[in-house]
Each structure stands twice: as C-alpha cells, then as structure tokens.
Amino acid sequence: MTAQRYLQYLPDFVAEYVEFQKLGEIEGEVLEEESKAKQEMEQDQWILTATRKGLLRRAAMMGLSVAETEDTEILRERVLSYWNSRRPYTFFMMQEWLDTFCGAGNYQAKLDYGAYRLTIVLELKEKEKKEQILSYWKTLIPANLVFEVLLNTNTHGKVGALTHGQLKESGWTYGEIPFADLSEYVRA
C-alpha cells in the first residue's frame with residue numbers, strides 16, 4: 001500500500017519498471033512517516049489530544065517537573081489544570097481550581113481568616129498530588145498566609161460506625177485489599 005502513495009503520481013508506462021516500483025516502496029515509507037509526523041504535530045497542538053511527547057514539551061514550557069513513571073493521562077490532567085489556571089482572587093476561584101485538579105469531594109479547603117491560615121486536606125487517593133499543589137499554590141497565595149496541605153488519614157472516622165457486614169457490602173477497601181479479604185491478614 002505504501003508504494004501506491006508514490007506510484008499513483010507516475011505515468012503508467014513508468015510505473016511498470018521494477019526500479020520505479022522499488023523506488024515507490026521506499027518513497028511510500030517516507031511519505032507514511034511524514035504523514036504520521038504531521039498527524040502527531042496536529043494532535044500536539046491541543047492538550048486534550050496531545051501525545052506524551054507533546055505533553056512533555058508543554059510541561060517543560062510551563063516549568064512543571066515530570067516523573068518518568070507518571071501516567072500520560074495524569075500528566076494531561078496536570079498540564080490542563082495549569083494551563084487553565086488563573087490567579088485566585090477569591091476562595092471560590094481556588095475551590096474551582098481544586099475541583100478540576102483533584103475532583104469535587106476529594107479535598108476540603110478551609111480558610112481561617114483570624115489566623116491567616118489556608119489549609120487543604122486531600123483524600124488519601126489524591127496523595128500523589130500533594131507536592132504539586134504545594135509547589136503551585138506557593139507561587140499564587142499571598143506571603144502573609146500560612147499554607148499547608150494535609151492528607152485525610154482519619155478513615156476510622158468515616159467507617160468506625162459501620163458494621164463488618166456493611167463494610168463488605170459497600171466494597172470498602174483497605175488500600176488495595178478488599179475488606180472481605182482482610183481475614184487472611186489477621187494474626188491468630
């Protein structure tokens with residue numbers, strides 16, 4: 001098929017020669033590579049369709065540090081949230097940003113006006129975003145605010161009132177381990 005990309009532009013009597021057919025195969029591969037590179041370049045123009053290479057280039061332009069092991073979709077989410085960010089002049093604008101970055105319900109934000117303290121408490125499933133939030137928000141918030149990002153590790157407060165049967169039914173997990181399988185880990 002790649003040879004046809006080149007041979008279709010040649011006159012019929014020339015396309016019959018073996019040399020031109022071989023040349024057509026070689027040129028066809030080059031044309032395929034160019035077509036693929038053009039398609040990637042077009043995709044990389046937008047964050048939602050960008051390849052990993054395009055996302056890494058945007059992250060470098062924005063000054064974001066990227067780990068080699070970071071998933072492409074998580075990187076896309078980070079780049080998109082930084083790209084769409086604006087200075088949070090109000091607490092509610094900050095909450096909108098956190099909704100897009102962490103997801104609604106995956107954090108609690110509290111502003112103590114008297115103590116000049118801003119506290120963001122992340123759910124445990126969002127713990128990998130803690131350092132990113134710290135580094136990003138330190139550049140945005142006023143210098144007179146004490147800023148801290150904590151993890152909500154109080155799972156007992158959430159599940160302490162539930163019975164074992166309710167925990168099994170709800171599909172609650174202890175990290176990666178389903179509650180129903182925890183009996184294997186109990187010491188006798």
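Ranking of 20, 101 by neighbouring Cβ atoms within 10 Å, starting from the fewest: 20, 101.
When 121, 30 are sorted by how many other C-beta atoms sit within 10 angstrom of their C-beta, beginning with the fewest, the order is 30, 121.
The length gained on full extension between residue 161 and residue 131, counted as 0.36 nm times the residue separation minus their Cα-Cα distance, comes to 7.6 nm.
The numbers here are math on the coordinates, done by the rules we state, and not lab data. No experiment lies behind these values; they were computed from the predicted model shown. In this analysis, Cβ positions are derived from the backbone assuming ideal geometry, glycine residues included, and neighbour counts consider all displayed protein chains.
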